[in-house]
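Q: Take a look at the following structure, please.
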Amino acid sequence: MEINGGRCNSGDKSQVEGEISVLSSDLFLDHVGEVTLAFNSDGLSWKSHDSFDNDGSTCLGIKFLPKMATKMATKLRFSDIYAVELMNGGTIQESDLTTASECFSGNDSHNSGMNHFIVHTFQKSKSQPCLWILASYTFGHQDLQTCQMWVNKINGTLDKEVGRPKNLLVFVHPLSGKGNGLRTWETVAPIFSRAKINTKVIVTQRAGHAFDVMRSTTNEELNSYDGVLAVGGDGFFNEILNGYLSSRHKVPFPPVPSDFFDALGNDSNPLVNDPTEADSENHNNKETDPLFSSSSHIESGFSHLRTNDASHSVDQQIEYPLPNQRLRFGIIPAGSTDAIVICTTGARDPITSALHIILGKRLCLDVAQVVRWKTTSTSKIEPRVRYAASFAGYGFYGDVITESEKYRWMGPKRYDYAGTKVFLKHRSYEAELGFLEVESEKDSPISDGSRMFTKARSFKRKKSERIICRANCNVCNTKPVYSSTKSTPATPHLSAQETKWLKSRGRFLSVGAAIMSNRNERAPDGLVADAHLSDGFLHLLLIKDCPHALYLWHLTQLAKKGGNPLNFDFVEHHKTQAFTFTSIGNESVWNLDGKTWTISAFLLLVAKLKRHAIGASIVTIQVKQCKGHSICKSYSSDLSFFHNPRPRQLVLAMSTPAQYYRSLPPVSKFYGVTCLMTTSALYFGLYNPWNIALSYQDVFKRFQVWRLISNFFFLGPFSPIFAIRLIMIARYGVLLERGPFDKRTADYVWMLIFGALSLLVMAAIPFLWTPFMAGSLVFMIVYVWSREFPNAQINIYGVVTLKGFYLPWALLALDLIFGASLMEDIIGMIAGHLYYFLTVLHPLAGGKYVLKTPRWVHKLVAYWGEGIQVNSPVQRDPNAGVSFRGRSYRLNGNRAQTSTAATEQQNQTNNSGDGVAFRGKSYRLGGH
Ligand SMILES: Nc1ncnc2c1ncn2[C@@H]1O[C@H](COP(=O)(O)OP(=O)(O)OP(=O)(O)O)[C@@H](O)[C@H]1O
C-alpha cells in the first residue's frame, strides 16, 4: 500500500482486527508510522503497516523496536475520547527511533508539511490506576479533506455520547488550599475548551459569594447549565451545594421532637442559645429562609408536622422535585483536604477530575440534611437547615476548624497545628444523642455484611475485606427493601416497628457523622473505611471522654493505612439514617464539610436523604427527586424509647478484701503484691536488704545481675512512706492500667520496663544513684497518671483539692515535709516525663512514635497469660498464665476473659469520680 499516494478507503467497510468498521483510512500515526485507522461502532482502532521484524527496522545489523509503537494502544473507545482537533500543516514524526529513522530512505516527506488531527483521550497511571493522565494520538495525512472527514465523523459520534456537559457554571475560590485555586483552574481550563465546553467562570471575592450567587440565580438561568463546578475544597463545595438547595429543596421539616425537649426541661431550657447568627452565607441576605415561610405547603407541612400528628404521613407521599433535575455538581480539587474528590475519583488530581466531568462520568452521593430546631415557640433562635456532603463533626472536629481558620495563611499545615493545639487542650463536651436503629436492615437482602449496628459487628470486618465504594458499587446501586406496606419502591418508609431510637449521653471529645468514608491524606482509610457513597446511611462516631494517650492512639490509628480507629471502648460506632444531638452545658461548634456552624446548634437532626430526597454524583452531582420524610415519621412515633434510662452501674468498691484483691488489674496487682512481700520478708528478717540493692560494682564485678531488677521491688521497711507508696500503686497504677492502658497490658508492662531502664541509666550518674528505685518507679507512675488525667480532682488528706496535673508536685512537697529523699521522686518524674514525651508529645508534634512496645514484651505478656493486649502481634500461649488464670474479675463482677478478650465489653472504670473518663452511658432505649 502506497501511503504517500494517500490511498484512502473512506466509505469502504473493511476489517481491522476482526471488527466490522464503517470507515478506514491509511494514515500516519505519530511516533508509530503507517497505520490503517478504522472507525468502528464503539471506537477507533488501527493496525500498523510496519512489521518490526522485517529488515526495514534494522540499521547496521542492529534491530530497533520502536518503544512507543509497541506500548501504544491500538484501540480507543469513543467513551474515552474527550476531543478531536484538526491541525493544518505541522510535522508528524514517524517513530521515536531517531537512530533508526535516519537509516530510512525516502521517508523525509513523511515528516513535514502533513495535515493532521489529534485525538485527545487519557490513560490510567500504571502505578495509581485512579490517576488519569492526558494522552493524545496524532494521525496525519497529506490530504486536508481526509483529516477533516475523520474529525467530523469523530465529533459527530462524541456529540451523541450521553451525559457529557456542554455548558458549565464554574466557581473558582482563588485562595483555596495553598492559594492555588486560580492556577488550578488555569491548568484545567484548556481541557474544557478543547472539549468545546462553554464555561461561565466566577472567581469568588469573599466567603459566601458562591452561596449568594447560587441562591439568587434564577432557575431559568440554571437550566441553561448542565452542571456547576467548584474549583476549591470541600468547604467551598459545601457552600455551593447549600446555596443551591437552601432555596430549592422544598420539603417539610421533620417534626420537632418535643418529647426530647421535655426530657431536658422544655421551655425554660437554660441550654437554649440565642446567638447572633454568624452564618457566612447570610451576610448580605436578609431574606427569611424560604424553607420556612415562602411556600404555603411548606408552612403547613412544618406546623403540621410539629404537632407530631400521625396524619402527616399523607404529606410524606407528596413529591418535592427540585427545579433542575439534570443539574450536576462537580469539584476540581484545589482545597486543603479534598476528601470528597478522593472518595469519588480516588485521586486528588485536578486533571483526573476535569476528565471525569468532561466525559460525563457520574456517581450518586448521599447528602445529609442538618436541621437546627426552633427549641421553643418563643425562642429567638430560628429553625434552619444546612446540608453536608461528606461529614458533620462536633467537639474536636469543630474546634480544629475554628482554630485552623486563625492560621489560614499557613495553608493545609494549619490543620496539623490547630489539631495539635486542640488535642492538648483536650476539651470534652456533654451532649445527648438519639440515633435511629433500623431493625429491618439486618434482614435486608442487600445486606453485604458491611451494615453494622453494633460496634461488635463492625469490628469483625477484616482489613482485607474492606470495601472501597466507588462508581457502580453493588451496595449503592441496590435499592433497600423495607417491609412497610406503605412504602413505594422509590420511597422506603420505615415504620415504628422497624425502627428503634437508641440514646447515648455523656461527655464526648467529638461527635462525627461520616456521610462517606472521608479518605484524605491525613486519614488514608478515612474515618470509616467501608462507608458507602450512596447507600442511604451515615456512620455516627461518638468519641467519649478518655485520657490523652488513648485519644492519641485513636488518632494515630486514623492516620495509619490499615489502622483500626474504631476498635476502642471509648469509641461508639453506629450506622444509622438519622440522629438527634442536644448539647448540654459548654458548647463546641459543628463542622459541616469543613465549614463551621456556630454555637447556635442546639439540636440537630441529620437525615441521610439519598433515597428520600437528594442524590449527588461524583465530581458530578445529580440532584434527585425528594420524596417525603419517612424517617421523621418513625422519629415522632418512637420517641417513647428515649425514656428508659438504665445506666450501667459501676461497682467501684468491693465489699470484702478478697473481692478487692481479685478486682485489681494484673500488673498493678503483681507489682504491689511483690513489693508487699519483699517488705514483709524483711520484717521477718528473712534476708539482708543490701543483697537486693542496686550496686553497679556488684553487678559488673560479681555478676550479681539480679540487683538490676530486685531494687525495684523494695519500697522500704513498713512505715508511713511505705504505705503511701503502696497506696499510690493501688490507686494511680490501677487507674492507669484500667484507663489509658485498658486492654494494653503489654504496653503497660513496657512503660514500667522503659521507666526502670531510664532509672538505671540515671542511677549510673553517681549523684543520682539511690540503692532502691521502687519509689522512683512509683513516682513515674504517678507522673504519667497526672499527665493523662490533668483535670481530675484530687484531695490530699481532705485538706487541699488540686487538679490531677499537680499531684506529683504536691507529693514532692509532702516528701519534703516528711523529710524523705527528694532525689528518687525527681528522677521518677524525669523518667515519667521522658515516657510521656516519647509516647504522646513527640508523636503529636509530628515526630515518629519511637517507643513501640517490643515484640518480646508482647511475648512475655502472652506467656504470662494475664491481662489483655488488643492488636497484639503475638498469640496468647494457651498453656500460659496458670498462676493467675481465672482469678481476675472485672469490676462489674464478670470474670475477666483471658482469651479473645478484644471484643469484651468493659466498664469504664474511670467514672469513679476522677471526672475524666466518659461519664455517660449508651443503652438501648427499649430497655433491652
Ligand atoms: N474569595 C474568597 N475569599 C475568602 N474566602 C472565600 C473566598 N471564596 C470562598 N471562600 C470561603 O473559604 C472557605 C474554604 O474554602 P475551601 O474549602 O475551598 O478551602 P480549604 O478550607 O482550604 O479546603 P478544604 O475544605 O478541602 O479543607 C469556603 O467555605 C468559602 O466560604
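The values are calculated or read from the model by the stated rules, or taken from the named source; none is laboratory data. Bear in mind the structure is a predicted one, so any value in this text is a computation, not a measurement. Note that we place each Cβ from the backbone using ideal geometry, even for glycine, and neighbour counts take in every protein chain shown. Each accessible area value is taken on the protein alone, full model and side chains, heavy atoms only, with ligands, DNA and RNA left out. Shrake-Rupley method; radii C 1.70, N 1.55, O 1.52, S 1.80 Å.
Q: At 1.4 Å probe size, put 727, 191 in order of accessible surface, largest to smallest.
A: 727, 191
Q: State the extension gain, in nm to one decimal, for the chain segment bounded by residue 660 and residue 705, taking 0.36 nm per residue of separation less the distance between their alpha-carbons.
A: So the extension gain works out to 12.7 nm.
Q: Quick one: net charge around residue 159, please, counting Lys, Arg +1 and Asp, Glu -1 for every other residue with C-beta under 13 Å from its C-beta.
A: Taking every Cβ under 13 Å from that of residue 159, the sum is +4.
Q: So how exposed is residue 193, as accessible area in Å² (1.4 Å probe, rounded to 10)?
A: The accessible area of residue 193 comes to roughly 80 Å².
Q: Order 728, 410 by their accessible area, 1.4 angstrom probe, all chains in place, largest first.
A: Sorted by accessible area, descending: 410, 728.
Q: Give the accessible surface of the stretch 664-765 per residue, rounded to a whole number of Å², with probe radius 1.4 Å and ligands, DNA and RNA excluded.
A: That works out to 43 Å² per residue.
Q: Just report the Cα centroid separation between the stretch 733-767 and the stretch 403-432, whole Å.
A: 31
Q: Report Rg(Cα)/(2.2 N^0.38 Å) for the stretch 810-851, keeping two decimals.
A: 1.56
Q: Right, something else. Give the peptides 201-207, 576-582 in descending order of average Cβ contacts within 10 Å, highest first.
A: Final packing ranking: 576-582, 201-207.
Q: Show 750, 706 ordered by accessible area, largest first, where the area counts protein heavy atoms only and the probe is 1.4 Å.
A: Order by accessible area, largest first: 706, 750.
Q: Then there's this: Solvent-accessible area of residue 326, probe 1.4 Å, all protein chains present, reported in Å² to the nearest ten, please.
A: 120
Q: Could you tell me the distance between the Cα centroids of the stretch 663-693 and the stretch 570-586, to the nearest Å?
A: Using only Cα atoms to place each centre, the spacing works out to 47 Å.
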